[in-house]
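S.K.: This is the structure I want to talk about, given as structure tokens.
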Ligand code: PRP
């Protein structure tokens, strides 16, 4: 696969991602082996590829639903403000919810999601996140299942974007600094 000019280097190649997603799916399948009603809640847009790959490797039955958030205002008037712009189609009350995210950066989004979903009284609530940038954390929040810790670089591919571009690259690459300016 060709690497676009804006990408400085490949951080995680397809094989590394495939292997780690398989490990996460195996761990989740074992942990939820006795669970009746598992629902994966993908956070659009970034999680769509990770969720598709993860879900297909789970050996436990599950449902898939989505929410969409807006990061409008982030860093401006109210840093870290998150707004729900599309909710799940089905109720999660009494069900086992696993939130699926592509990345935890400052932590504001995951913290908001956990708070928001806890209020819906699920039977259980956990998160599965592909990437974490611990150096960037502003609120103390960690994923229950984590793919990789990465350095503070702007990463794209495998669902992650820069200005809505590069989401469908099959690997995760670090953008050149000048491409982010
Ligand atoms: C990204 C990512 C997380 C959030 C993490 O979403 O998908 O939802 O940022 O950042 P935080 O830890 O600093 O809150 P983005 O707003 O880029 O939207 P997208 O998923 O549609 O690309």
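Values in this text are rule-based calculations from the coordinates and carry no lab data. As the structure is a prediction and not an experimental result, all values here were calculated from the model. Glycine gets a Cβ as well: all are built from the backbone with ideal geometry, and neighbour counts include every protein chain shown.
S.K.: Shape verdict for the chain, please, from the Cα gyration tensor: rounded (a/c under 1.5), prolate (a/b greater than b/c) or oblate.
M.R.: oblate
S.K.: Using alpha carbons only, how many angstrom separate the centre of the range 9-52 from the centre of the range 75-132?
M.R.: 16
S.K.: Tally the DSSP beta bridges in the range 124-181 and give the antiparallel ones as a percent, rounded to 5.
M.R.: 50
S.K.: Ok, one more. Working from Cα positions, state the angle (0 to 90°, nearest 10) between the long axis of helix 108-118 and the longest principal axis of the chain.
M.R.: Roughly 10 degrees between the two axes.
S.K.: Would you kindly state how much longer the chain becomes between residue 35 and residue 136 on full extension, computed as 0.36 nm times their sequence separation minus their alpha carbon distance, in nm to one decimal?
M.R.: 32.9 nm
S.K.: Compute the acute angle (0 to 90°) between the alpha-carbon long axis of helix 14-31 and the principal axis of greatest extent of the alpha-carbon atoms of the chain; round to the nearest 10°.
M.R.: 20
S.K.: With contacts defined as alpha carbon pairs under 8 Å and 6 or more residues apart, what's the relative contact order of the range 48-181 in percent?
M.R.: Normalised by residue count, the contact order of the range 48-181 is 18 percent.
S.K.: Mind ordering 5-17, 163-175 by average Cβ neighbours within 10 Å, highest first?
M.R.: Ranking, from highest mean packing down: 163-175, 5-17.
S.K.: Once label points are set 7 Å from the Cα along Cα→Cβ at both residue 81 and residue 124, what is their separation, rounded to one decimal in nm?
M.R.: About 3.6 nm, to one decimal.
S.K.: Take every DSSP beta bridge whose two residues both sit in the chain, then give the antiparallel share in percent to the nearest 5.
M.R.: 30
S.K.: Please work out how much length the chain gains when fully extended from residue 162 to residue 2, using 0.36 nm per residue of separation minus the C-alpha to C-alpha distance, in nm with one decimal.
M.R.: 55.9 nm
S.K.: Can you compute the FRET efficiency between residue 153 and residue 45 using 1/(1 + (r/R0)^6), with r the Cβ-Cβ distance and R0 = 22 Å? Round to the nearest 0.05.
M.R.: Efficiency for this residue pair is about 0.65.
S.K.: Taking the chain as the reference, fit the longest principal axis to its C-alpha atoms, fit the long axis of helix 48-57 to the helix C-alpha atoms, and give the angle between the two in degrees, 0 to 90, nearest 10.
M.R.: Roughly 50 degrees between the two axes.
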